[in-house]
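The values are calculated or read from the model by the stated rules, or taken from the named source; none is laboratory data. Because the structure is a prediction, the values reported are computed rather than measured. Heads up, the Cβs are rebuilt from the backbone with ideal geometry, glycines too, and the neighbour counts pull from every protein chain shown. Just so you know, the surface numbers come from the protein's heavy atoms only, side chains and all, with ligands and any DNA or RNA stripped out. Shrake-Rupley method; radii C 1.70, N 1.55, O 1.52, S 1.80 Å.
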Amino acid sequence: MLPTGYSTNDNSKMSNTDQNVKIIADKITTPENNKCNINTTTIISVDKCVINDDGQNKLIENNRNAENKIIYVEDEKLSVSSLSWRDLYPQVLASCISLLMVIQPGIHLAYSNNMLHHMPTINKEQFSWINLEWKVINFSFVIFTIVNMVLIIIYLPESPIWILKFKSSEHIDKAKKAVKQIYPNDNQVFETEWRRLKSASDNTAGLDAQQPSFVEFVMSNPEGYKPIAILMALLLLQQLTGAYATISYALPILKSVVPAAYPPAVEIRSLAALGVVRFGSGLLACALSLRVGRKPLLVFSCTAMALSSALVAVAQRDRDALAVPWALCGVMLYMFGSSVGVLVFPWTLICELLPTPVRAVGSCAMVSYGYLIMFAALKVFPYVLAAVAVPNVFVAFGAVSASMAVYVHFVVPETLGKSFREIEDYFKGPSAKTVRSNTAAMT
């Protein structure tokens, strides 16, 4: 039976010898038909199934009406336009619930500012260990965490493709239930997605045992050690720009840059405004990342941070003036610049640059490495702030931000619109592209 929406003008029959063999209708527009805007529907018979470079199933087809030339047609795949909101909302809901976990690190970063406002007499040692006692904030955070956990238990299914790796009949049933939980409303949508995942799992059976260990792969393959080296330097620069330190210690920084003649309430209002700036610039980063790319936004972010840091350092000389508080504006611009790139894309690039064989272990290692550096930077920052004062701190932040802009421009590759195979080939070098082109030509 053909998928919904396809028609046939041929009496070809489906082979029953293989579950992966299907008859797929494909619209082919010839130059003659294109002139008249006419699409000719033909039937293509399936010869066999293969997996493409990104691990997706593709069917090698023999087009009967194209002089027996071999062409590649993607396996049965649903487009967003063919799905209704009724089909998509369970998957969107599950994704949103899983992403709520990202709020937890934000809670820890912002919590110190609330405590510092109510405990102004603590020393530097206590200053850097401030944590999880202010009753109202604690209660709110606990309630949010509990609600998040309950939603995960109720609505978030286990990853079907991960369950299928275990291969037993019990795990296959669990995987099928997980897919049904994501696509509960349309049986055709569910069956299509289940066949795709099951086929992908069957075609990769036995490959895991042949894979080298994480250390072996990284040590012997440039697509392994090159992105890891790039990411380690990128995450180090991210922390040294001071973006996270400025978030965690925003209150003492704002107290230093707000003119002394201003009322104390301005500091708290400025702290709230800082949160609004971060939220708005984060949304802007999400919108632009799919159009502009990661690399240009990262360079812009670093450049904006460098320039705003210079503004803070220069404007601090006139802190007592009643005119425009330029140092405060510089801090706001600095936070805007960091939120549209530096705070976001180094974490995103971890998943995009690492190759498939080491992505799971490598991602965990890189995130752990990033948080260890963050811990060290946040622990040391109060001592640095007390020793050199805010203007000099922002001079250092600006210098590192400028260095990061140069590093990103010359070293970090763009990933927008690139497949995982293309990114791996980039790290392998020109020889890999030549071999792949020759292989494709021979095929």
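Of all residues in the stretch 375-424, those that are open to solvent by 50 Å² or more (accessible area, probe 1.4 Å), under 30 Å from Glu223 (Cβ atoms) and among the polar types (S, T, N, Q) total 1.
Of the helices (runs of 4 or more DSSP H) contained entirely in the stretch 257-364, those carrying at least 3 residues that are exposed (fewer than 14 other Cβ atoms within 10 Å of the Cβ) fall at 265-289. Collect the residues in the stretch 247-256 that are farther than 14 Å from Cys329 by Cα and assigned to a helix (DSSP H, G or I), keeping them in residue-number order. Those that are farther than 14 Å from Cys329 by Cα and assigned to a helix (DSSP H, G or I): Ile247, Ser248, Leu251, Pro252. For the stretch 309-332, the criterion of being under 24 Å from Ile103 (Cα atoms) and under 27 Å from the mean Cα position of the chain (by Cα) is met by at least one residue.
So that you can scan it fast, the table gives a plain yes or no per residue for (1) touching a Gly at 6+ places or on another chain (Cβ under 9 Å); (2) hydrophobic (A, V, I, L, M, F, W, C):
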site	(1), (2)
Leu235	yes, yes
Leu240	no, yes
Pro264	no, no
Ser270	no, no
Leu288	no, yes
Ala306	yes, yes
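Could you please let me know if Ala229 is within 29 Å of Ser368 (Cβ to Cβ) and either more than 24 Å from the chain's Cα centre (by Cα) or surrounded by fewer than 14 Cβ atoms within 10 Å (Cβ to Cβ) (or both)? For Ala229, the condition - within 29 Å of Ser368 (Cβ to Cβ) and either more than 24 Å from the chain's Cα centre (by Cα) or surrounded by fewer than 14 Cβ atoms within 10 Å (Cβ to Cβ) (or both) - is met.
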